[in-house]
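A.B. asks: Have a look at the structure that comes next, please.
The values are calculated or read from the model by the stated rules, or taken from the named source; none is laboratory data. What you see is a predicted model; the values in this text were computed from it and never measured. Positions of Cβ are backbone-derived with ideal geometry, glycine not excepted, and every protein chain shown enters the neighbour counts. In case anyone asks, the SASA skips ligands and DNA or RNA and just uses the protein heavy atoms, side chains included. Shrake-Rupley method; radii C 1.70, N 1.55, O 1.52, S 1.80 Å.
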Amino acid sequence: MKHVEFMARALELARYGAGHTSPNPMVGAVIVKHNRIIGEGYHPRFGQKHAEVMAIEQAHEAVEGAEMYCNLEPCSHTIPGKKTPPCTERLVREKIRKLYLSTLDPNPYVNGNGVAAIRAAGIEVETGLLAQEALELNEAYFKFIQTRLPFVNLKMALTLDGRIAAAGGDSRWISDEAARERVHRLRHEYDAVLIGANTLRIDNPRLTVRPLDQPIPAARQPWRIILAGNGDLPLHSEVFRDQFREKTLVFTAARNDNHRPAVPGNADVRVIPLKSNAGGRPDILAALKYSGEMGISSVLVEGGSRIFTEFISRGLFDKITAFIAPLILGRGIEAVGDLGIERMSGAIRLQRSEIETINDQVLLRGYRNIKETFGSLTESVACLQESSKSWAELALSNR
Ligand code: AOF
Ligand code: ZN
């Protein structure tokens, strides 16, 4: 097997933790001796064992002198509240010979210290292997750990002419069942799902993750964030009444006039007043900061039009995931309203966009600004282009 294949396996293992590790990253590790895998591990959920340690413990041969492939720099710190001992110490103690990594860990407590500690102990380290894949896998972690703001993904289901609903307001259904199944999977990987009050009023969505293969416990349901407008909220909505209502969070605008819009009085539902924007609605940056402080590391924004427009015009999103169906509505609800752009040269172009097809629909996704999402790791994206050649050579030599 080749270097890239071992790392690809580490990434595959890391994904087993999807939906369970937040706000920690998904990490996978593979131990190799004489070009064969002798141990595998991953970080199964927040608070539990790290990938490297699981791989060592599950190895069916002595790991001394072996190579390890891991998508993230090993942790090297001990701080109050940290759940596990530093992986660096374990790797040194077990006499791993060489460590292949995808990227550094931008956690300020680690960020290069892990590699330094490993090298100081005489273990060889190479970074950059499948770095881009590794960055995308942990996009939410990388954004959150560096900014304390959640990673924001605008998820939209669109007609070919860019509508998210018919003129009458209904949107069931623009995308087919297979696409909607993908949305459920996506929700499972996010800490929160966010919608505006209009969408709540019109769609009355549950915003839960329905069983994919097994029932998902309340603790693993995403937070449901409702951004109130300046009117009353529909208090009969599912999100205020169902069994997961303690995971509903309402952001309202703190108002100083006498009008008090109706909000849920139900003690299970948290209602948080925030500073308001010019339109008398809660400020979305304040909403993101508050969410980040609560430990919400990722938010899937599901509409509607006004919400999308605000996140886009303020540059407060990281990614767009659009499901485009071969439907034409003509007049209808536009996905995004006025952004004040007059010329093509002013259009917002997503970076690293990619497409996939789901039956007769296109799934298009891309980032707003790689630098802002990945911060200090942006350089590893850039190096990657250069290093890919040497990695390819390395891969050949290792056949
Ligand atoms: C690793 N391997 O599998 C993961 C790492 O509280 P703890 O002990 O779980 O440590 C959490 C931090 O460790 C987390 O913020 C991130 O920096 C790193 N995650 N590191 O070596 C792993 N999940
Ligand atoms: Zn660790």
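A.B. asks: Any idea what the relative contact order of the range 159-299 is, in percent, if you count C-alpha pairs under 8 Å spaced at least 6 apart? Please list the in-between numbers first.
C.D. replies: Values: 201 pairs, mean separation 30.2, N = 141.
It comes to 21 percent, rounded to a whole number.
A.B. asks: If you don't mind, there's one more thing I want to ask. Work out Dmax and Rg for the range 138-180 from the C-alpha atoms and quote the Rg first, both in angstrom.
C.D. replies: Rg then Dmax for the range 138-180, in Å: 15.4, 42.
A.B. asks: Separate question: Keeping all protein chains in place, calculate the accessible area per residue for the range 338-380 (probe 1.4 angstrom), answer in Å².
C.D. replies: Values: 3020 Å² over 43 residues.
Dividing the accessible area of the range 338-380 by its residue count gives 70 Å².
A.B. asks: From the phi of every residue in the range 152-161, what ³J(HN,Hα) in whole Hz does the Karplus formula 6.51 cos²θ - 1.76 cosθ + 1.60 yield, where θ is phi - 60° and glycine or proline is x?
C.D. replies: 10, 10, 8, 9, 10, 10, 10, 7, 4, 9
A.B. asks: With the calculation restricted to Cα positions, what are the radius of gyration and Dmax of the range 81-157 in angstrom?
C.D. replies: Values for the range 81-157 (Cα only, Rg and Dmax): 15.1, 52 Å.
A.B. asks: Carbon and sulfur atoms: what percent of the 1.4 Å accessible area of the range 36-113 do they account for?
C.D. replies: Numbers: 1680 of 3480 Å².
Percent of accessible area from carbon and sulfur atoms in the range 36-113: 48.
A.B. asks: Return a whole-number percent for the relative contact order of the range 120-186, with Cα pairs under 8 Å and 6 or more residues apart as the contact set. Provide the component values of the computation, followed by the final result.
C.D. replies: Numbers: 22 pairs, mean separation 10.0, N = 67.
The normalised contact order for the range 120-186 reaches 15 percent.
A.B. asks: If R₀ is 51 angstrom, what is the calculated FRET efficiency for the pair Met294 and Met1, using the beta carbon separation as r and rounding to 0.05? Could the numbers behind the result be given before it?
C.D. replies: Working: r = 43 Å, r/R0 = 0.84.
After rounding, the FRET efficiency stands at 0.75.
A.B. asks: With viscosity set to 0.890 mPa s at 25 °C, what whole-number translational diffusion coefficient in µm²/s follows for the range 83-238 from Stokes-Einstein and a Kirkwood radius over Cα pairs? Provide the component values of the computation, followed by the final result.
C.D. replies: Values: Rh = 19.5 Å.
Using the Kirkwood radius from Cα pairs, D works out to 126 µm²/s.
A.B. asks: What does the convex hull of the alpha-carbon atoms of the range 1-104 project to on average, in nm²? Before the final figure, lay out each step's value.
C.D. replies: On the way: hull surface 23.8 nm².
The number I arrive at for the range 1-104 is 5.9 nm².
A.B. asks: Just from the alpha-carbon atoms, what are the Rg and Dmax of the range 251-347 in angstroms?
C.D. replies: 16.4, 50
A.B. asks: For the range 25-73, what is Rg from Cα atoms divided by 2.2 N^0.38 Å, rounded to two decimals?
C.D. replies: Working: Rg = 10.3 Å, N = 49, 2.2 N^0.38 = 9.7 Å.
In units of the globular-protein estimate, the range 25-73 measures up at 1.07.
A.B. asks: How much accessible area per residue does the range 58-145 have, counting only protein heavy atoms and a probe of 1.4 Å, in square angstrom? Intermediate results must be reported in sequence, preceding the final value.
C.D. replies: Working: 3650 Å² over 88 residues.
That works out to 42 Å² for each residue.
A.B. asks: Quick check: the distance between the Cα centres of the range 269-331 and the range 121-135, to the nearest angstrom?
C.D. replies: Answer, in whole Å: 35.
A.B. asks: With both bridge residues required to lie in the chain, what share of the DSSP beta bridges run antiparallel, to the nearest 5%? Let's see the in-between values first.
C.D. replies: Details: 26 of 63 bridges.
Roughly 40 percent of the DSSP beta bridges within the chain come out antiparallel.
A.B. asks: Please give the contour-minus-distance gain from Arg185 to Arg148: 0.36 nm per residue of separation, less the Cα-Cα distance, rounded to one decimal in nm. Can you show the working numbers first?
C.D. replies: On the way: separation 37, 0.36 × 37 = 13.32 nm, distance 2.43 nm.
Working it through step by step, the gained length comes to 10.9 nm.
A.B. asks: Moving to a separate point now. Could you sort out which of Lys95/Lys319; Lys82/Lys289; Lys155/Lys275 sit more than 32 Å apart by Cα distance in this structure? Display every interim value, and only then the final one.
C.D. replies: On the way: Lys95/Lys319 41 Å; Lys82/Lys289 23 Å; Lys155/Lys275 25 Å.
Those over the limit are Lys95/Lys319.
A.B. asks: Follow-up question, since we're still on this one. From the Cα gyration tensor of the range 155-291, with a ≥ b ≥ c the square roots of its eigenvalues, which class applies: rounded if a/c is under 1.5, or else prolate if a/b is larger than b/c, or else oblate? Please report the intermediate quantities before stating the final value.
C.D. replies: Numbers: a/c = 1.90, a/b = 1.32, b/c = 1.43.
Oblate, because a/c is 1.5 or more while a/b does not exceed b/c.
A.B. asks: Obtain the radius of gyration and the Kirkwood radius of the chain from its C-alpha atoms and give Rg over Rh. Spell out each step's value before the answer.
C.D. replies: On the way: Rg = 22.9 Å, Rh = 22.7 Å.
Taking Rg over the Kirkwood Rh, I get 1.01.
A.B. asks: Let me ask another. Can you give the angle from 0 to 90° between the axis of helix 284-293 and the longest principal axis of the chain, with both taken from C-alpha atoms, to the nearest 10?
C.D. replies: Helix 284-293 sits at roughly 40 degrees to that axis.
A.B. asks: Do any trypsin sites (Lys or Arg not before Pro) in the range 270-328 lie in a loop, going by DSSP, with at most 13 other beta-carbon atoms within 10 Å of their beta carbon, and if so which? The partial results should precede the final answer.
C.D. replies: Values: sites: Arg270, Lys275, Lys289, Arg306, Arg314, Lys319; in loops: Lys275, Arg314.
Passing sites in the range 270-328 are Lys275, Arg314.
A.B. asks: Give the aspartates and glutamates whose C-alpha is closer than 19 Å to that of Lys143, dropping any in the same chain fewer than 8 places away, or say none.
C.D. replies: Partners within reach: Glu73, Asp105, Glu133, Glu189, Asp191, Glu293, Asp318, Glu372, Glu379.
A.B. asks: Taking +1 at the Cβ of each Lys and Arg and -1 at the Cβ of each Asp and Glu, which of Pro44, Met294, Thr199 sits farthest along the dipole of the chain towards its positive end, judged by Cα position relative to the Cα centre?
C.D. replies: So the residue furthest toward the plus end is Met294.
A.B. asks: Still on this structure: To make sure I understand the rule: partners must be lysines, Cα under 20 Å from the Cα of Lys83, and not fewer than 8 residues away in the same chain. Which ones qualify?
C.D. replies: List returned: Lys49.
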